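What follows is a short report on a single structure.
Read-outs: derived from the displayed coordinates by stated rules, not from any lab. On a predicted model such as this, the values are computed, not experimentally measured, just so you know. As a convention, Cβ positions derive from the backbone with ideal geometry for all residues, glycine included, and neighbour counts pool all protein chains shown.
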Amino acid sequence: MEQIKKILIAPFVFLVRAYQILISPLTPATCRYSPTCSQYTLEALKKHGLFKGGWLAIKRIFSCTPWGGSGYDPVP
């Protein structure tokens, strides 16, 4: 079961890591949360799997606005 979870999340982990390595260094640091939204996404996917972890990541990314929250927000 754990192996299946790793296979399902692998493409998404790859995309987030590619973003962290290739795109994020070229843009100003604007994430309002700690850990950053990309790190939160990696942790959520690894801890909760594709569906629940993906949902948590989407909710987090959409709340990272000037009108959203900020501060320390770990993966539940």
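Side notes on the structure shown:
- Stretch gain in nm, segment Ile21-Lys46, where the contour uses 0.36 nm per residue and the Cα spacing is subtracted: 7.1 nm
- Volume in Å³ per residue [convex hull over Cα atoms, computed for the stretch 4-61]: 66
- Charge context of Gly68, other residues only, Cβ under 12 angstrom, K/R +1, D/E -1: +2
- Cut-off 13 Å, label 7 Å out along Cα→Cβ of Ser70, residues of the stretch 28-60 by amide N: 30-34
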